[in-house]
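The values are calculated or read from the model by the stated rules, or taken from the named source; none is laboratory data. Keep in mind it's a predicted model, so treat the numbers as computed, not measured. Using ideal geometry, Cβ is built from the backbone for each residue, glycine included, and neighbour counts are taken over all protein chains shown. Note: accessible area is taken over every heavy atom of the protein model, side chains too, but ligands, DNA and RNA are not part of it. Shrake-Rupley method; radii C 1.70, N 1.55, O 1.52, S 1.80 Å.
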Amino acid sequence: MTTTAPVRRELRDFYEDPAVPVASGTPRSVRQARMLAAALGPATRGAKTVLDIGCGDGTAAATAAPFLAGHRLVGVDWSQDALRRAHARLPYAVRGELTDGGLPFATAAADAVLFSEVIEHLVDPDAALDEIRRVLRPGGHLMLSTPNLAAWYNRALLLAGVQPVFSEVSLRAIHGRPGKEVVGHLRLYTARALREFVAASGFEVVRLRGAPFHGVPRPLRPLDHLACALPSASSILLLHARRT
C-alpha cells in the first residue's frame, strides 16, 4: 500500500524549484481584487485582515493591494523560494501550510482569504478548505480562483481526443496537451463541481464569475474574453463564498 508522504515530498521538491511558475495572469488578479474590495468595503469602515494563501511570489497580492488600500494584506506560502520573492512586494509574508499542522493563525483571525490558483495543486483540498474555514471569522469572505476544466477550448480539445489545457499527467513533462510549462495541477473543476465542493465545505456561494487566461494564443484572446460572460465556459473560475 502506498502513502501520501512520498507524494508530498516530491511535490515539495517540485514547488521549491525556482523554474516552476508561481504567478498567474493580471486580468484574473484584478477581477478578483475588485470582487473582494466590493465585499469588504472601504477601510474607513474598519481595516480588515486579508490572507493571500498560496501567495507565490506576491504578484497577485501586489496587484490587489491598490484595491484594498487600508486593509491588512498578509501573504502565506509553503515555498521558501516564493516567500523570498514575495517579501520584495508585500509588507508581510509568512510561511504556512494548509495541512501538517495548519496555518500559523488563530481561529477566526481573518476577515477574508484570497485563494488564487492553489486548489488545483493540492493533494487534499478538503482539508485545505477546512483549515481556511477555521481561520475565517463567521461571515468572512473566501475568494477562490482556479482553472476551468470545461473552458470553451477544452470542450473542443476533448472532442478531438486531445488532453485538456490545465490538466497534467506528469510532473516532468507535457504529454498530449497544448502548452510548454509543467505547473503541477492535480485537481480540476467545472463550475458546477466547484460550487458543490465549496458549499459542502461549510461555505455559502455568493457569486461565480469568469476570467480570461493569459496563456491563450493572441488571436483567440477576444473569444476568451467573450467567454467570461458565461462562467461555466470561461478559462478561469472566480468564486466568492462566505463562511457559514
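From 87, 141, 175, which residue is at pLDDT 95 or above and open to solvent by 70 Å² or more (accessible area, probe 1.4 Å)? Break it down stepwise before answering.
Working: 87 fails: at pLDDT 95 or above; 141 fails: open to solvent by 70 Å² or more (accessible area, probe 1.4 Å).
Residue meeting the stated conditions: 175.
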Single residue of the stretch 69-82 satisfying the filter (open to solvent by less than 10 Å² (accessible area, probe 1.4 Å) and outside any loop (DSSP other than H, G, I, E, B)) that is farthest from residue 238 (Cα to Cα): 82
Residue in the stretch 56-68 that is open to solvent by less than 30 Å² (accessible area, probe 1.4 Å), in contact with a Phe, Trp or Tyr (Cβ under 9 Å, 6 or more places away or on another chain) and among the charged types (D, E, K, R) present: no
Unmet criterion (only one of (1) closer than 30 Å to residue 134 by Cα; (2) open to solvent by less than 60 Å² (accessible area, probe 1.4 Å)) for residue 170: (1)
Candidate set: the stretch 202-244, residues that are hydroxyl-bearing (Ser, Thr, Tyr) and either open to solvent by 20 Å² or more (accessible area, probe 1.4 Å) or more than 18 Å from the chain's Cα centre (by Cα) (or both); chosen: the one nearest to residue 126 (Cα to Cα): 244
Residue 126 being on the phi < 0 side of the Ramachandran plot and open to solvent by 50 Å² or more (accessible area, probe 1.4 Å): yes
